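Trainee: Before I ask anything, here is the structure I am working with.
Please treat every number below as a calculation from the coordinates, not as lab data. Predicted model only: the values in this text are computed from it and were never measured. Note: ideal-geometry Cβ built from the backbone for every residue, glycine included; neighbour counts use all protein chains shown.
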Amino acid sequence: MNKLTHNNSRTADMIRTKSRLIEILDWVAMFVILSVLVFAMWSSAQAIQPEKKSSTAKSVGLDRLSQQLPLGLTRDGIHIPADNPLTPEKVELGRLLFFDVRLSADDSVACANCHSPEKAFADDSRVSTGINGRAGTRNTPAVINRVGNAEQFRDGRAATLEEQAKVPLINPSELGMSSYDAVVEKVKGISGYRDLFERAFGRDVNVDDIARAIASFERTIVSWDSRWDQFITGNVAVLSDSEMRGLIVFQGKGRCIQCHSGWNLADEKYHNIGIGWDSPEPDEGRFAVTKNDKDRGAFRTPTLRDVALTGPYMHDGRFDTLEQVVDYYSNGVIANPYLDVEMRRSNLSLEETLEFYSKENRSERKGLPVQQLDFTPQDTADLVAFMSALAGTGWQDIGAPDSFPQ
Ligand code: HEC
Ligand code: HEC
């Protein structure tokens, strides 16, 4: 009987949520139309001309960018520097460079080795490996929807995609070239590339244009129109019951939405959620950029779009499955003095809190108590189901070139 009542109130909750959603659909639709209009005006000003693309150009993402934006992403949210407007020529040149192993010291590694189109532009190893099998220190993030943020890298140390694109070229654990000059000389040695740089930029190869082309290509790698997007734009039947329950946990008890918010399910801000603080030397994360103590161990909230495909998870790649991630949030959060306030809303009793602040514990400098969300197995399964509804489309259209410039 109890169970029944409980189920009924759950169902009633779900129905209420659904009808509230239907109420907001009107302004949602208005918002979509406005966003599309604003973007259409903006894109003509930016001289995006997909119709001019050459027959070999596979700039599907560019078409998408100029025609459609996901709900909540507006002109202000799009980051394209004024000195690097998107053009089909740059996008196609960037795609060639992104997939070309000749940009590495020993012709063995391209950007796409770690950011693989089969893995939503991430890879499946804990930490990735560059030339000569050299391992890096962090897990490879999925390069999707990066058009929606200026800062790049998990700690935000690159101010733009252009700035980011240069770094892997000379990182000894990635493409491993000795200098930017060496990269330019190598690319210049391929006459096909010289022609393409001339067409895209009207000048000879240089490292900033290499970065501009790669960044332009990356801006077209998008993931939108997931079942989640369909749901919030009015197709409320598209989520299964389990996914609906997962959404309710995501926004309610789980408080995931505090950080995984907005059109990209990421606030693009930096938080210490405790990952790495069980090791003797935790990765300092955002602190390296700001030198501000409060940023120790903070990393940018990653997007959850296509997250089912992009494991292992977290900056150190410690979790292989989404269930493990959810268990961490539920009862595993690692205490430390810099833990984000959102991870500290404990449900300890007064007695337990006092015990926590006892002298011995204080001297361990563990920080404040951590959250215990105590998810049930059903909550966990539902959250994971909800996250799988975030699988989108766009990036699947982009693959390796059939051939490279000679
Ligand atoms: C050996 C594997 C490897 C190679 C090769 C590689 N990357 Fe990465 N990439 C990574 C890792 C690991 C990170 C995260 C590093 C960090 O945040 O400190 C990253 C981060 C990025 C980011 C930032 C994404 C974000 O969410 O902030 C972009 C963009 C990117 N790489 C593009 C490229 C480009 C362009 C190339 C080729 C010029 C390239 N990568 C080559 C492993 C690789
Ligand atoms: C305080 C902000 C915050 C909250 C709340 C939060 N997250 Fe996160 N989430 C992050 C950050 C930051 C990372 C990356 C941490 C790292 O790499 O060390 C992350 C990583 C993840 C990842 C791994 C993504 C990847 O590509 O590696 C998943 C999945 C995830 N969170 C799901 C959730 C779920 C589910 C909830 C709710 C139960 C939640 N998060 C609550 C900030 C948050």
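Trainee: Full-extension gain between Ser261 and Glu355, please, as 0.36 nm times their residue separation minus the C-alpha to C-alpha distance.
Mentor: Taking Ser261 through Glu355 to full extension adds about 30.4 nm, to one decimal.
Trainee: For the stretch 170-261, what is the relative contact order in percent, using Cα pairs closer than 8 Å and at least 6 residues apart in sequence?
Mentor: It rounds to 12 percent for the stretch 170-261.
Trainee: Could you work out how much longer the chain between Ala159 and Ser178 gets when fully extended? Use 0.36 nm per residue separation minus the Cα distance between them, nm to one decimal.
Mentor: 4.5 nm
Trainee: Only counting other Cβ atoms within 10 Å, I'd like Ile210, Ile78 sorted with the fewest neighbours first. Walk me through the numbers on the way to the answer.
Mentor: Values: Ile210 24, Ile78 18.
Sorted ascending by nearby Cβ count, the order is Ile78, Ile210.
Trainee: Still on this structure: On a C-alpha basis, how far is the centre of the stretch 261-276 from the centre of the stretch 366-406 in Å? Whole number, if you could?
Mentor: 13
Trainee: Where nothing but the Cβ of Lys and Arg (+1) and of Asp and Glu (-1) is charged, how large is the charge dipole of the stretch 279-406 around its Cα centre, in debye to the nearest 20?
Mentor: With only Lys, Arg, Asp and Glu charged at Cβ, the dipole is about 580 debye.
Trainee: Pull out the extension gain between Gln396 and Arg194, defined as 0.36 nm times the separation in residues minus the alpha carbon to alpha carbon distance; nm, one decimal.
Mentor: Length difference between fully extended and current span is 69.8 nm.
Trainee: In percent, how large is the relative contact order of the stretch 227-295, given Cα pairs closer than 8 Å and 6 or more residues apart?
Mentor: Result for the stretch 227-295 is 14 percent.
Trainee: A further question follows. Cα centroids of the stretch 172-210 and the stretch 90-133: how far apart, whole angstrom?
Mentor: 16
Trainee: Taking H as built 1.01 Å from N, whose amide H comes closer than 5 Å to the amide H of Gly285, not counting residues under 5 places away?
Mentor: Here the answer is Gly297, since their amide H atoms fall under 5 Å of that of Gly285.
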